[in-house]
1. Within the stretch 160-183, work out how many residues are crowded, with 19+ Cβ neighbours inside 10 Å and either out of contact with any strand residue (DSSP E or B) (no Cβ under 6 Å at 6 or more places or on another chain) or among the small types (G, A, S) (or both).
2. Determine whether the stretch 222-243 contains at least one residue that is among the aromatic types (F, W, Y) and closer than 19 Å to S445 by Cβ.
3. Would you please name the residue that is surrounded by the most Cβ atoms within 10 Å (Cβ to Cβ), looking only at residues in the stretch 222-247 that are at pLDDT 95 or above and in a loop (DSSP other than H, G, I, E, B)?
4. Test A331 against the stated conditions and say whether it is of a type outside the set (S, T, N, Q), surrounded by 15 or more Cβ atoms within 10 Å (Cβ to Cβ) and modelled with pLDDT of 95 or more.
5. Looking only at the stretch 460-494, filter to residues that are among the hydroxyl-bearing types (S, T, Y) and out of contact with any Phe, Trp or Tyr (no Cβ under 7 Å at 6 or more places or on another chain); which one of those is farthest from P295 (Cα to Cα)?
6. Which of the residues belonging to the stretch 123-169 are on the phi > 0 side of the Ramachandran plot and not hydroxyl-bearing (S, T, Y)?
7. Can you tell me how many residues in the stretch 389-432 are at pLDDT 95 or above, of a type in the set (D, E) and within 14 Å of R109 (Cβ to Cβ)?
Amino acid sequence: MKRVLRYERLPLSVFLLCSLLAEQSESFSLFVGTRGLASFSTTRNTCRDSSLSPFRCVENDLKRLDRGCFDKARIILLSQVGDENSEATKSTFVPSTSSEIGGTAPRGRGIASVEKFTRLPVWPVWNGVFVWIVSKLLGDTIAAQVEHTITGRVCPNFFTYEKTSPFIMLVHHCHSFAPWDPLRYLQKTFFPEGFPAHPHRGFVTLTYFLHGGFVHRDSIGCRQAYGQFDNNDKNGFISNRQKHTQWLNTGAGILHEEMFDNQDSGQQPSWLVPTRQELYQLWINLPAAKKLETPKSVLLGGEEETPLVVKSGCGGGSSGVDIQSETLVLAGSYNDRESVAPIASGMTILHVRLYKSSNSESDWIIDLPASYDTAMLYVRQGSVIDSISGTVVPPHHTAEFSQSQASDLGETRRIRLTKAPGDRVADFLFLAGESLNEPCVAQGSMVMTSTMEIDRAYRDYQAGLFGRPWDEKLSDEEWEKHVLQYPSRYRYIE
């Protein structure tokens, strides 16, 4: 079993506010080139082995699929949802089989490193401080469970880009807003509930809501409201009924604001019930040739755009079938189901939940092409076990898988994961993709290929070519007038 190493990073400042301080963006600089991460956060030079004693490795000889179980599950599924060629069958269930049957399994790709990034208290700060105290007294695993219940923290995962291209950064937000909280209204006077107008150039933001939502307005005149307002059970199955994801290609330059939508909570009106806001925001680099294209924003959600793949086992459920895993395809593809996200390079982005099953042979499996140098995951709930290396990834930790080698070209490499014993569910975000193999410089809210291009981006922003910032308190009518007067010059690019 490999060792699990934990690193704690202490940011120079709250990076999430860097876009509001673009003029002083040198404080938030990131340079990635041949020498890797130069600055973005300071790192305390302490690392320690995390004990693996709470969990045991899952034996590899439990991973083979029993053919009789597969046939039984298939008969039950077809009897419930109809012919296997019907749309219901294709969009709902995938039999619990693997390519090991009747063939040679691809070589395994195990976890190479695990780290935990600093979690910052915000929205509400006092909840986040309480969770921090719990973490010191009772440990990170208990603190993760408490945070999932009461919220109040944000976790920016600052990736080492040379290892994680095309992925730059992942932020996990977990917040709540209570109508009865007097400190909330005091905080709103100087700290808005969201992110007022700020500039971007040269990359994509993928914003995926698990609960709650944003109201997005930008300098090309686009207003979008999206999120998960019907997913009130924070421990339930993945919801895929609404437009829960925004794919924003910032292109040549755009200003946008993202304010939490605390009006459309999807809950029964109650003065006592806080509005839960939980989301991921992922920064994805664009190839150099595509960085100065027209900015575009696309909303995604539903079976036709972000398909949900459900893997079933046999026994356990009232119908003879129990759910082993759910995989929501946010970008790329999984098990021949493909998202419509307009990706600019090869990648796969999945939200996965592994459930307790009566069938012990319930590994979650994905075969990646050798060209996908990057593979990683972030655990939201429970603990995930890598069945190849035996490494345990606790909640709120980020794991990177071993990189593909030159000898792997033309082959696929298999990743096998399972839920830790005793956990009701393991919930994680899985990222994989082809390295762009290009220089990347990220400073403040811009991502380009050189410091010269970064300087040009900020000069263009200050000259008003992205549009002019507006007050987040403006009504939609006032905002529309402002954008007509100060539009982004990159709204239409020939």
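The values are calculated or read from the model by the stated rules, or taken from the named source; none is laboratory data. This structure is a prediction, so every number in the text was calculated from the model and none was measured. All Cβ positions, even for glycine, are placed from backbone atoms using ideal geometry, and neighbour counts span all protein chains on display.
1. 2
2. Scanning the stretch 222-243 turns up no residue that is among the aromatic types (F, W, Y) and closer than 19 Å to S445 by Cβ.
3. Filtering first and then ranking leaves H244.
4. yes
5. S475
6. Result: W123, G139, G152.
7. Matching residues across the stretch 389-432 total 1.
To keep it simple, each residue is scored yes or no on (1) among the polar types (S, T, N, Q); (2) modelled with pLDDT of 95 or more; (3) surrounded by fewer than 23 Cβ atoms within 10 Å (Cβ to Cβ); (4) within 21 Å of the chain's Cα centre (by Cα).
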| site | (1), (2), (3), (4) |
| --- | --- |
| E434 | no, yes, yes, yes |
| P439 | no, yes, yes, no |
| M446 | no, yes, no, yes |
| T449 | yes, yes, yes, no |
| M452 | no, yes, yes, no |
| D460 | no, yes, yes, no |
| D471 | no, yes, yes, no |
